[in-house]
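Structure first, then comments.
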Amino acid sequence: MSYFDKYVTLIVLFKVIFIILAASHLYFTFKGKTDSKTDKKVVYWKERVEFVFIVFMSIMLIYLFNPRANRETLLDFETKLLLYLFGFILLITAKWGTFIKENPFLKNFQEVV
């Protein structure tokens, strides 16, 4: 197993941990226990794991798409899947409320409608 394969496996591990923590937080939300000490710990670690995942994915993007090196052979199924999911994660976790509030076109559109 190459270093890159180990790195991809590490990223997948962090993603699985994030999914478990997100599901736990969702469970606490449905049970109405969002103020519990356990849920606060879950949210704390979920945010940290998500940050580490984004950092690792960013490093992988820099490594793969460095213009001085041709590493297209490293783009196997797992890597493509991670990059695909990373795009969705960035779109979902973006601060859309800030963008919508500050965008003058959307403000004008809302006033017209």
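Observations on the structure shown:
- Residues in the stretch 38-60 that are among the aliphatic types (A, V, I, L, M) and without any contact (Cβ under 8 Å) to a residue 40 or more places away in the chain: VAL42, VAL43, VAL49, VAL52, ILE54, VAL55, ILE59.
- Residue list for the stretch 1-37, filter: among the polar types (S, T, N, Q) and touching a residue at least 12 places away in the same chain (Cβ under 8 Å): SER24
- Residue match in the stretch 73-83 (condition: over 20 Å from the mean Cα position of the chain (by Cα), among the polar types (S, T, N, Q) and not in a helix (DSSP H, G or I)): no
- Just one of the numbered conditions (1) in a helix (DSSP H, G or I); (2) over 12 Å from the mean Cα position of the chain (by Cα) is not true of ASN66: (1).
- Candidates in the stretch 32-54 are the residues that are under 22 Å from THR79 (Cα atoms) and of a type in the set (Val, Ile, Thr); of these, the one that is surrounded by the most Cβ atoms within 10 Å (Cβ to Cβ) is VAL49.
- Subset tally (residues that are over 17 Å from PHE18 (Cα atoms) and among the β-branched types (Val, Ile, Thr)) for the stretch 32-67: 3
- Evaluation of VAL112 against the conditions (1) loosely packed, with under 12 Cβ neighbours inside 10 Å; (2) modelled with pLDDT of 85 or more shows that the sole unmet condition is (2).
- Any hit, the stretch 50-62, residues being under 19 Å from ILE11 (Cβ atoms), among the charged types (D, E, K, R), part of a helix (DSSP H, G or I) and under 14 Å from the mean Cα position of the chain (by Cα): yes
- Residue check for PHE28: in contact with a helix residue (DSSP H, G or I) (Cβ under 8 Å, 6 or more places away or on another chain), at pLDDT below 90 and surrounded by 13 or more Cβ atoms within 10 Å (Cβ to Cβ): no
The values are calculated or read from the model by the stated rules, or taken from the named source; none is laboratory data. Note that the structure is predicted; figures quoted are calculated from it, not measured. Heads up, the Cβs are rebuilt from the backbone with ideal geometry, glycines too, and the neighbour counts pull from every protein chain shown.
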